[in-house]
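Since every read-out is calculated from the coordinates, none of them should be taken as a lab result. Because the structure is predicted, anything quoted here is derived from the model rather than measured. Note: ideal-geometry Cβ built from the backbone for every residue, glycine included; neighbour counts use all protein chains shown.
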Amino acid sequence: MPVVEPLPALHIVVMIRETADPLTLFAEWYAEAGKSEPNDPSALALATVGPDGTPSNRMVLLKGYDAAGFVFYSNYESRKGRQLVAHPKAAMLFHWKSLRRQVRLEGPVSQTTAEEADAYFATRARGSQIGAWASDQSRPLESRFALEKRVAEFGARHLVGAVPRPPHWSGFRLQPLLIEFWQDQAFRLHDRLEYRRIAADQPWTTRTLYP
């Protein structure tokens, strides 16, 4: 008869600690990621949907979060900008490899106010501000020289004084209706905790998911 090897004992290092508000748990994990991730703990994968229903994904940086939602900034004329304006729903994924954790979020998207966008734009490095004017983001680029020429032109236009925010550059805010916390565990028996609500003004419900 074949010998059946016993399953090895599970070694669960850290279980997800449930909190009443998922933002409290996110804040704890985000702070830990800030100490351990070698580069950009604020980086997240942002998924949007095109006019034909085809999904599109790319990395962006989180620039703030609170009870109102999770904020990032972009050129509104870029592919993701146009998709979000036309179909204001999105999904986010944070993956912190050093912690063996990830957080997924899904929900409707709204545009930030002009005042919020102005305040954040003013904190950007001057080179990034000029770049926001010079880049026709997501559209065909004939050559690197053409981009450098546009950067020089807009740099000359805004040589003195503060660089104003381009009218086509602003922010988006995702208001999560779903937040899932994932913690790596031995033998792929991962720990998953889901928070869900039917609307932004409704209470959260939680459930543990199979790996």
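Each row is one residue, and each column tells you yes or no for (1) among the acidic types (D, E); (2) surrounded by fewer than 17 Cβ atoms within 10 Å (Cβ to Cβ); (3) in a helix (DSSP H, G or I); (4) within 20 Å of the chain's Cα centre (by Cα).
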position: Q102; (1), (2), (3), (4): no, no, no, yes
position: E115; (1), (2), (3), (4): yes, yes, yes, no
position: G127; (1), (2), (3), (4): no, yes, yes, no
position: G131; (1), (2), (3), (4): no, no, yes, no
position: R139; (1), (2), (3), (4): no, yes, no, no
Tally of residues being free of Cβ contacts under 8 Å to residues at least 60 places away in the same chain, surrounded by 16 or more Cβ atoms within 10 Å (Cβ to Cβ) and among the aliphatic types (A, V, I, L, M) across the range 48-86: 3
The one condition D136 fails out of (1) of a type in the set (D, E, K, R); (2) free of Cβ contacts under 8 Å to residues at least 40 places away in the same chain; (3) in contact with a Lys or Arg (Cβ under 9 Å, 6 or more places away or on another chain) is (2)
In the range 17-60, which residues are among the polar types (S, T, N, Q), part of a loop (DSSP other than H, G, I, E, B) and within 18 Å of H95 (Cα to Cα)? N39, S42
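Looking at E194, is it outside any helix (DSSP H, G or I) and closer than 30 Å to K97 by Cβ?
yes
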Among the charged types (D, E, K, R), outside any loop (DSSP other than H, G, I, E, B) and surrounded by 15 or more Cβ atoms within 10 Å (Cβ to Cβ): does that describe R165? no
I'm told F145 meets every condition in (1) assigned to a loop (DSSP other than H, G, I, E, B); (2) more than 24 Å from V60 (Cβ to Cβ); (3) without any contact (Cβ under 8 Å) to a residue 12 or more places away in the chain except one. Can you identify the failing condition by its number? (1)
